[in-house]
Amino acid sequence: MNVIHDHGPLAGFTVGVTAARRADELGALLQRRGATVLHAPALRILPLSDDGRLLAATKELIDHAPDVVVATTAIGFRGWVEAADGWGHGEALLARLRGVELLARGPKVKGAVRAAGLVEHWSPSSESMAEVLDRLLAEGVAGRRVALQLHGEPLPGFVEALRAGGADVVLVPVYRWLPPADLAPVDRLLDAAVAHGVDALTFTSAPAVASLLARAEERGMAGELRAALAHDVLAACVGPVTALPLQGLGVDTVQPERFRLGPLVQLLCQELPARARAVPVAGHRVEIRGHAVLVDGELRAVPPAGMALLRSLARRPGWVVARAELLRALPGAGRDEHAVETAMARLRTALGVPKLIQTVVKRGYRLALDPAAGSKYGA
């Protein structure tokens, strides 16, 4: 009997991490709370330190001062300053930035700005580009030159709104997102998601969402992925901008109030246990999680075949489920119903309380639902 006494709120759940940056930090936060982590970076960052477009934009801004510079990401802003320094234009760029209105989208960007010896004029509390846009438009942008440090994906709505307001917008492409060089981890994560082998997928950037959706489309499984995200797999996004590609497809997402990794993990600690199925069985409280079961608060690891059987029984607690139906629920099921008996024996051993599941001779198996709960579950 595999009993895990010291377990966190995410024990028994599997969480997919799609981040390219800070994935180790996010994974560690999840694991410390008991989760099993499946990491598959959905994109990679291509620095443009040798890119002619970044060099041209840098020279243009040094030669013709902007009125406003919008720094959107810490890694992008640092990369821009480092690239300019490598070309011998670092001091000139910093001198130019000291004389303009510098807006930093969020605390991390603010830190990068100050590390460069600069001071931001303003930073939104929401870390939202929408709030940055609202401020710029409220100030008035007609006839103003606005430099926008891109953060790996186009910002057409943002740029179009500024240009419609009369601004001269200069784009600073510091880096861009590309699909991962190795697609195997992404494919494994997609396979796990559509097979409901993960309980949640986490996203920390809109490009990661877009990249994962694009790969699902390439593999002909976009519909299956959307169905999984609509029902059994929780889509957890670090903020509303990250959630936009999913919401555009009608997929519900959850987001923390503060757009940080820590609050994102805390949100999962609330959401996933709340979604777990809990039933009163044979005088015990049984909570069914992703790949484990809590029996009276004790976590018991259950093999995949056993979890498949238990979920089938829990869909109709107290009702008899035929062996043939249970056989179809088994991963890679064949035609021999003895496979059900073998998996059921292992499940009972894993649960540690054999009487939780009753054998109904010549019919199948049922959860031994407590009589008081019978009317609630329709048994």
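The values are calculated or read from the model by the stated rules, or taken from the named source; none is laboratory data. From a predicted model like this one, the values you see are computed outputs, not experimental measurements. Positions of Cβ are generated from backbone atoms using ideal geometry, with glycine treated the same way; all protein chains shown enter the neighbour counts. Areas reflect the complete protein model, heavy atoms only, side chains present, ligands, DNA and RNA absent. Shrake-Rupley method; radii C 1.70, N 1.55, O 1.52, S 1.80 Å.
When only Cα pairs below 8 angstrom with a gap of at least 6 residues are kept, region 271-320 shows a relative contact order of 22 percent.
Overall size of region 34-180 from C-alpha positions, given as principal axis extents largest first: 52, 36, 26 Å.
Based on alpha carbons, the Rg and Dmax found for region 95-244 are 18.8, 55 Å.
Report the far tail of the P(r) of region 222-379, meaning the percent of Cα-Cα pairs longer than 22 Å. Distances greater than 22 Å cover 51 percent of the Cα pairs. The angle between the Cα long axis of helix 129-139 and the main principal axis of the chain comes to about 30°, on a 0 to 90 degree scale. Treating the angle as unsigned and between 0 and 90°, give the value, to the nearest 10°, between the Cα long axis of helix 304-315 and the longest Cα principal axis of the chain. Between helix and principal axis, roughly 80 degrees. What's log10 of I(q)/I(0) for region 201-261 at q = 0.13, 0.18, 0.27 Å⁻¹, Debye sum over Cα points only, no solvent? Each listed q maps to, in turn, -0.30, -0.56, -1.19.
Rounded if a/c is under 1.5, else prolate if a/b beats b/c, else oblate: with a ≥ b ≥ c from the C-alpha gyration tensor eigenvalues square-rooted, which is region 1-101? Prolate, since a/c reaches 1.5 and a/b exceeds b/c. Working note: Debye formula, equal point scatterers on the alpha-carbon atoms of region 67-148, no solvent; log10 I(q)/I(0) at q = 0.12, 0.15, 0.19, 0.26 Å⁻¹ is -0.33, -0.51, -0.80, -1.32.
In the chain, Cα pairs under 8 Å separated by at least six residues give a relative contact order of 17 percent. For the chain, take the longest principal axis of its alpha carbons; what is the angle in degrees between that and the long axis of helix 206-218, to the nearest 10 within 0 to 90? It is inclined by approximately 60 degrees. Calculate what fraction, in whole %, of the accessible area of the chain sits on carbon and sulfur atoms when a 1.4 Å probe is rolled over the protein chains. Here it works out to 52 percent.
For a modelled paramagnetic label at Val254, 7 Å from Cα along Cα-to-Cβ, the residues of region 182-200 in reach, with backbone nitrogen under 14 Å, are 199-200. Each stretch of four or more DSSP H residues adds -39500 (n - 2.57); spread over every residue of the chain, this sum gives -13000 deg cm²/dmol at 222 nm. What's the FRET efficiency of Ala322 with Leu46 using the Cβ-Cβ distance as r and R₀ = 45 Å, to the nearest 0.05? Efficiency, from the Cβ-Cβ distance: 0.25. Between Ala230 and Ala345, the simple label model (points 7 Å from Cα in the Cβ direction) yields a spacing of 4.2 nm. Working from label points 7 Å from Cα in the Cα-to-Cβ sense, the Ala274 to Trp122 distance is 3.5 nm. When you restrict to C-alpha pairs under 8 Å that are six or more residues apart and normalise by the size of region 169-300, the relative contact order lands at 18 percent. Given R0 = 45 Å, the distance between the Cβ atoms of Glu82 and His196 translates into a calculated FRET efficiency of 0.55.
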